[in-house]
Structures are given as C-alpha cells and as structure tokens.
Amino acid sequence: MKITFLLTWGDAMGGTEMAAYTQAAHLAPLHDVEVLSVFKTESEPFLTEGKSVPMRYLVDRTGSVPRPVRASSLTDEECLALASQPSELIPPSAEPTFDRLSDFEMTAAISRLDCDILITTTPALMMAMVELAPPRVVTLHQEHRISQLRGPTGEPMLIHAPRLDALVSLTELTTNWFEESLGASAPLLATIPNAMPEGYRPRSDLETKVVMVAARMMHEKGMDLAIRAFAEICDERPGWTMRVFGGGPQLNMLRRLVEGLGLHDRVEILGRSRQLSEEWAKASIALMPSRWEAFGLVMLEAFSAGVPVVAFDNLTGPATIVRHEVDGLMVQSDDVSSYAAAMARLMDDDELRHTYGKNALEGARERFNAEKISGMWEELFAKLIERRDSPERFSERADRAARRIASGGSRTFAVAAPVSRLSPSNEEQKAREVIIQAQDRGRLIRSGGRVAEVRDDVPAWKMARINLELAADALEHHSIPYVLLRDTAPAAYRLAVRAEDGQRVLDALAEDLAGKPVYGELMSPKSAAPGAVLAERLHNVGEVKGVRLFKPTVSDSRTLRYGPAYGCRIEFWTEDEDGWRVTPGAATVAGPRLPDLEPSGKLAVGEREYPSIEAFTGKNLMWDIDFPIDVVYTWVDDTDPAWRERRDAARAAAGLPTSGAEAGDVRFRNRDELRYSLRSLATHAPWVRKIFLVTDDQTPSWLNTDHPDIQVVSHREIFADPDVLPTFNSHAIESQLHRIEGLSEHFLYVNDDVFFGRPLNADAFFQANGTSKFFRSPTSIPVSEISDDDEGYFVAAKNNRRLLKEAFGRVATHGFLHAPHPLRRSVLAQIAERWPEETRATAANQFRSRTDLSITSSLHHHFGFLTGQATPSAISCGYADIGDYLHHKQLTRLLTSRHQDVFCIGESADAEVPVEEQDRVLRAFLSAYFPVPSPYER
C-alpha cells in the first residue's frame, strides 16, 4: 500500500511534523510511505526523525525567490508575481502562508498522485485535498490540534469534512465533538493517539535537580505559568533549576519574565534543540503547563525517558496521557499555586518521583507503543481500502456533502456543537456511565464526554435552579446545615457549608444521587484528579474545597448543552483564627469572610425559599437593582402585502424608488429574528418585567398575545401627531417610544436582530442608583459635514453632534455598539422637551431623512452622560454580516464557544450572499443557538 503524508513545512520543528514522521516511520516497514511537503524552507528537516522518511517538496523558499522544485520554465519575475498573490485554493483566514504559486504546484502534484491513501495534517491542507485528490485515492485527515478551539484556522474542518473518507482525532473528546457537530454528514470517525517514538531513548536517573519544559513559545503553551509556579517554590529548594526549550513569539516576553522575577540564575531559556530525547534524560520532572493541548506528544517524549509529568487538566490531551497519582500529577487549569505545590511535591519526595517515573515509562510503552498504534492504523486503512472502488463510497460522500448544505450550511458556515471543557471520564467511570445510560436510552445520551439528558424545554435560568434544587434536597435530606450565598454571577448558585461537614456533604450527594446522570466538578482536589465525577462517586474523592454539582442537559439538536457553568457550587468554608468563616473561592457580595454560617433569614429562588443569612436577605443592598426593567422591540413584517402597499404608495408619493437597494429593503427584511431574540431574552434575562412590541398594526402569527408579559403596541398609540403615519423610518418610531403607556422608567430598547448570547444580570445595563449604561463603539463619526454619501446612521449622528455641541460645548466623536440600549423614559422626555422642533421633524419623516436624530441609539446616551444620568460601561458584543461569507465563520465560532454577552446579525445593502442562502444560514444558526422556545410563542 502506498501512503502519502501531506505537510505544509516538512522541515519545521513542531508536534504535527514530529507526529507525522513518527507515524510514517512506523508504517514504512510494511508500506511504501512518503512525505509530501508543500514548502521547503531549510536545507534539511530540523527534526532528525524527518531525515529517515522519503520526502518531496513542491515550492522551494530557501532562496531569494520562491520557485517550484519541479523542472519549470517559470522566470523569477513570474514566480515572484505568483507568490505575491493570495491563494485561491486555501483562504488566507485558514492559513496565510499559501499563495498562487503554491496553488499551481499543489494542483499539479496532488491531482496526479498515484498513492492509495493521502493523509493531511492541517485543515488548510484538507481543503486542498478534497478538491484535488484523484477519485481512487482514499482521503484521510488526521487532526493534530483541538478542533473545537481552532478558530479561523479550523473552520475548514466542519465545512469540508463530509467530503473525506475518514477523519481521525487524537482524543475521544474531539471525536465526540465531530460526531455531535457533523451528525449524519460525518465521514468515518476514529480516535487514534500518537505513538511513542521508536528506537533507543536515554533514560533519566531522576536524580538531577532539573525541571524541564519544551514547547513552542506561544500563549496557549502556558510557559509563563510554569515559570511563575517555579518562582513560588524555588527559594525553598536550593539547587533546583528550570530548563526551557523552544522558540516562538513569546521568547522575549519569557526572558523579561525571568529577569523580572529574579530567576536569571535558576531558569535557563535554551531555545530549540534537535536532541530533545537527550535533554529529557537530564531532567527529573517534566512540565506540561499548556492552557490547552490537543494531545501532548512532548509528554510521551518525557515518558520515554522515564520522567514524570506535572500537567494542567486542560482540553483535551493531558488527561489522555497522564494517570494522576500513577505517572504524574494533574492540576486544575490555570491554578498556578496548585501547580507549584504539585511540582514541589515531586521535588521533595524522591521515592514518589522514582515510582512515577518507572510507571511513566512502563505505562507509556504499554498504552502508546508503536505496534499497538500502528495496528489501529492498519485496521482503519484496511476498512477504507476495502470499499475504495465501491459505488456506495462516492454516493455516500455526495450525500454527506449535500446533507451538510441542506441542514443550513454554506461554503463558510456549518452548525457545530458547543465545546466541552471537561476532561473525559476514566475507564471505570465510563463503564458506570454505560449502565446509567442504559436505564433510559430514549432520554439519556452521551454528549460532551458525559451522560446527558435530552430536553428542549429548559432555559438557562431554569437549569441553574434545577442544579440548586438537587444540591439543597440532598443536604436537607441528611440534615446538613447550609446557607445560600449571594454574589454577582448570573445563572449559578452557591451554597456554603462548614468545612468540617465536607465529607458528610460528599457522602450525602453520593447516596442520594446514586444511579443518576449527575456530576460533581471537584474544587481544588488534593489527591483526586481534577475534573468531574459522577455524583455517586463523590464519597471517595478525598480532600476538596467544595464541589460544583450539575446535571448535564443537551438539546435535541445537540447544539445547546448545559454543563458545570450552570452548576450549583457547594463550598466548604474553613474557620480562621478569629472564628470567622472564610470562602474557598470568590468573595460574596458581603466579602470573603462571614462571622458564621448560621441561617438567619431566607432567600427566595422561584417559589422555593432557602436558608441564608441576614447580610444577604435584605431587600435594599447597596448594589441591588430593585426597580422594574421593561424591554421594547420595534418590528416590521416586510412580507405583509398590506404593509408593502402602504410603503410603496408613500415612497411613490415622495418620488422615491419602490424596489431594490435604494428602497431600503434590507432594513425591513423579516427572517423571524424576533422569535429567536425573544428566546434569547427569555433564557438569559429572566429579570425583565414586561415586553412591548411596537409595530405598524402587525402581529407575528406565532406570538402568544395572551401572555400577560407581552403587549403589542401600535404606532397610532404612541405618536404625538398620528397624522404623520404611516411611517417607515425607525428614527421616527424611536423618537416616540417614551410615550408607550405603562412603560417603566428603565427599559432596554432591542432591535430584533440583536440577541442575548449568555446569561446577564440587570446590572449589565443599569446601576443600582438608576443610572443607565452605554457601550461605546470603536467606529468614529466622520468629522465632515453631512453629505449625500453618508449612511443614514451617520447623518443622524452628525445631527446629534450639532445639537450637543450647541447645548454643552462638547463634540461627540463615536457612536455606540449595536447592542441592547439601556434607556430611561425620563431622559427621552427631557430630550423631546429640550429639542421639540428637531424631535417633531424626526417623527414626521416617513423615511430616513437628512434632518433625522438617532435618539435611542445615540443621543440618549450622550445627553444622559452630559447630564449625569448615564455612564460609560462595557459589554462583550459581537457582530456578523449575514450577507458576507467571511462573517459566516463567526457564526460557527459563536455556536461552539458562546463567548459573547450579546451579538447582532445584520446585513449590508451590497451583500454578496444571495438572499435565499442568507435566509437558510440564519435560520439554521438561530435555531441551533436558541432551540428552547420562549413562553411568548404559541
């Protein structure tokens, strides 16, 4: 069998290259194996393993002019011209190193490959492979990084993976994510880890006082964390030194850090090494401080020398390799002090260090030996080759690609499952999870590496309450005293118990939740591995500072998952020398210490009351928001024939175009966004009192108008002069919102293309003294006067600026984010009273005009600030243009990470994406992000 590995840089030093060379060497005795490298940048491979594998290059970049390696008649000028142009085969967002010259060379080489199996090693190369590989070549992609966290460089994965024959991940967690994200459009999925390097490897005697870390010097590798941890303990351990190997963009920063900590004589930064195996033999402790790590081949290199590892329990690799308290120590992610303590433990205990080192070598040989891993590859290759010429192979591939598009995907967007940041369960726990799942396979599935209940009726706030009830029920059943704390985190609850009751708590949870798909994430465990265990196993986890109890829940679409972020923290509060109780975690609203944990009041959560203390039960704490907050939406249905007739008649009467971009259709287009914006509001802002929907006598067919908390308001009810109606100018409508009868003083104005991305408290928008907040945009208002070329919002912003300068002598320079706008009814009334003529003129403009003011989205915030009624603040806000293919990628990232507080999905007038495709992609995204119906739907 002929097997070709495709690399970007075959002469580079990196984990991907090392893994490919190791795998190629293992397969070479039985197969015809070669490495095809797109670029040649050095005279020879940096890694010695690369010198033993047959290699071909396509583009030589070692000279002053990049040239094809093949015999070519291209002149230097022609090569330079091609190399200066961006690739059309691989977008720069996926990998900027490719260009038009590499496009032609890759096309020439890949399209005429005569190998049996072609293996790509990056998503960018995978894009090229699925386009160029001959039909009989089996296409396989091996993912070497954490696909869930790749960002722009990983976007080709979900888009093009359906056209592969197989997709191989290094860890089960990543394979599970592909399975959930791709669904029926997934190719054959497999998990095959990297193998230990073959050949002689010198072994460490573990007697040198050296800790060692080797990685590319990038933020994700966490070398700064390792140095800081070493600094905490090295003074008490004379003779111990740290050796740092690697290169990269953080090299100078790390050197400055070492100097700043006064460690120049204790920490050596040694750059890259071609003989890392020999360097590991000089070390006694290996460090893996990565903030995230796909697999961690460097840990296998350390194990090959018999060196134990201290690693952060991050996504996804360390827990796959390191067996906690067997061949290394796992520490909760980013906990530098605990990392230092784990390092110190191995430094101080020679016997433990030697035991772990012996286990590391023997265990890695058993679990990751070349024969075992190669056998997994051989089995996969045989399965793929067997059906290479089967008609079903091509038919199924076509169906997979078509199914991805039919499900709402585009050439740049694919629906994806959320990222799970939990380490996978160990084998013992997996066996128990299988039994629990078997109890109800119709309701329980495996999602995010855990058993989860499938439900489409749980908003975020309710999930947090479910977890709170699970915790409180167990504590009360076993008569364990506790108090409900108060802090500022939304959609999560905290219970405090005395530290001396900690084991009773763990036992109670284990007993009451036995056999149930409920987990406890351990807080700072001393002996157990960090991570989450089934609640029934909590009784034997040893000393911890608390546990976060959660019941994994996933939507039927697999695109919404509730995990530990919505869990209930049960904290074990210790007693200090003054007899006060001290939190093991973040401070509460009353600080990090409390006189005692004796219940002295009640806190209501929903219809249930929980024991608390007086400091938390007061109704008027300084920072509490105790006033009602409403929400106002303005909405129009552009598909309504009667509305269109009114609009077209008004435009014709004004001598304006009635169709096309000049008619402003893009501003009125209705794609059912309102339904999903209301869903986002219902699940992430349950503190809202009432919703007012302002329309031109239109009501969505799906809206539950009988719900007491929603009211449809006609333009006729709020306009001071109804004779100016009908209006098709959002600025005009917004100028009258303060006239809504029954509207609270404080409210949010939300366009239907704005969405709440994650749970937020009311204090994200208002201060407790009633002051509203605003969120400045980086977009500046042009300093020029109003011109015919100005967009409508710039025209209104310039009019606002003129009024503010005349009234206050201040010049407005920036607009505001397209986010929910916190407004005060009284401030809007003050604006209408201060500038009555300008407000009336704005209200009278049926269409956007050169005399408009933008009152709710801009003037309110500036005026409020200058009169002491509004204050600047910040919010995490995303924006995506559904009419721009490049922006579609942001939608996939939003689904996987859910990292924005709010986001807006707009559309430019000159959209490149056809309207029908925009509709399909937007509906697919919104239904995936917000699958839980709101109470406002019929």
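The values are calculated or read from the model by the stated rules, or taken from the named source; none is laboratory data. This structure is a prediction, so every number in the text was calculated from the model and none was measured. We place every Cβ from the backbone using ideal geometry, glycine too, and count neighbours over all the protein chains shown.
For the list (1) modelled with pLDDT under 95; (2) part of a loop (DSSP other than H, G, I, E, B), I need the number of the one condition that Leu603 fails.
(2)
Kindly evaluate Leu468 against the criterion of being surrounded by 19 or more Cβ atoms within 10 Å (Cβ to Cβ), part of a helix (DSSP H, G or I) and in contact (Cβ under 8 Å) with a residue 60 or more places away in the chain.
Values: surrounded by 19 or more Cβ atoms within 10 Å (Cβ to Cβ): yes; part of a helix (DSSP H, G or I): yes; in contact (Cβ under 8 Å) with a residue 60 or more places away in the chain: yes.
Yes; evaluated as a whole, the condition is true for this residue.
For the stretch 555-607, enumerate the residues that are among the β-branched types (Val, Ile, Thr) and closer than 30 Å to Phe925 by Cβ.
Matches in the stretch 555-607: Thr559 only.
Looking at the stretch 394-426 only, could you name the residues that are basic (Lys, Arg) and surrounded by fewer than 16 Cβ atoms within 10 Å (Cβ to Cβ)?
If the condition is that a residue be basic (Lys, Arg) and surrounded by fewer than 16 Cβ atoms within 10 Å (Cβ to Cβ), then Arg411 is the only one that fits.
With the structure loaded, tell me whether Pro822 is under 31 Å from the mean Cα position of the chain (by Cα), surrounded by 21 or more Cβ atoms within 10 Å (Cβ to Cβ) and in the same structural domain as Ala652 (by TED's automatic domain parsing) or whether it fails that test.
In short, yes.
Given Leu270, Leu251, Leu287, which one is in contact (Cβ under 8 Å) with a residue 24 or more places away in the chain and more than 22 Å from Arg203 (Cβ to Cβ)?
Leu251
Is one or more of the residues making up the stretch 250-265 within 28 Å of Lys526 (Cβ to Cβ) and out of contact with any Asp or Glu (no Cβ under 8 Å at 6 or more places or on another chain)?
The answer is yes, given that some residue of the stretch 250-265 is within 28 Å of Lys526 (Cβ to Cβ) and out of contact with any Asp or Glu (no Cβ under 8 Å at 6 or more places or on another chain).
If you check Gly260 against the conditions, is it over 21 Å from Ser204 (Cβ atoms) and either without any contact (Cβ under 8 Å) to a residue 24 or more places away in the chain or out of contact with any strand residue (DSSP E or B) (no Cβ under 7 Å at 6 or more places or on another chain) (or both)?
yes
Check every one of the strands (runs of 3 or more DSSP E) wholly within the stretch 478-556 and list those with 3 or more residues that are among the hydrophobic types (A, V, I, L, M, F, W, C).
Where strands (runs of 3 or more DSSP E) fall fully within the stretch 478-556 and carry at least 3 residues being among the hydrophobic types (A, V, I, L, M, F, W, C), they are 493-498, 532-534, 546-550.
Which of the numbered conditions does Asp638 fail, given that it passes all the others? Conditions: (1) assigned by TED's automatic domain parsing to the domain that holds Ala489; (2) in a loop (DSSP other than H, G, I, E, B).
(1) is the only condition that Asp638 fails.
State whether one or more residues within the stretch 73-90 are touching a residue at least 12 places away in the same chain (Cβ under 8 Å) and closer than 25 Å to Leu384 by Cα.
Taking every residue of the stretch 73-90 in turn, none turns out to be touching a residue at least 12 places away in the same chain (Cβ under 8 Å) and closer than 25 Å to Leu384 by Cα.
Only one of Leu549, Leu485 is over 23 Å from Gln429 (Cα atoms) and at pLDDT 95 or above. Can you tell me which?
Result: Leu485 is the single residue among Leu549, Leu485 that is over 23 Å from Gln429 (Cα atoms) and at pLDDT 95 or above.
Which residue, of Lys545, Lys551, is free of Cβ contacts under 8 Å to residues at least 60 places away in the same chain and closer than 30 Å to Thr617 by Cβ?
Going through Lys545, Lys551 in turn, just one is free of Cβ contacts under 8 Å to residues at least 60 places away in the same chain and closer than 30 Å to Thr617 by Cβ: Lys545.
State the number of residues belonging to the stretch 856-885 that are among the hydrophobic types (A, V, I, L, M, F, W, C) and assigned to a loop (DSSP other than H, G, I, E, B).
Filtering the stretch 856-885 down to residues among the hydrophobic types (A, V, I, L, M, F, W, C) leaves 859, 863, 865-866, 870, 874-875, 877, 880, 882.
Okay, now just the ones that are also assigned to a loop (DSSP other than H, G, I, E, B), so 874-875, 882.
Residues meeting the conditions: 3.
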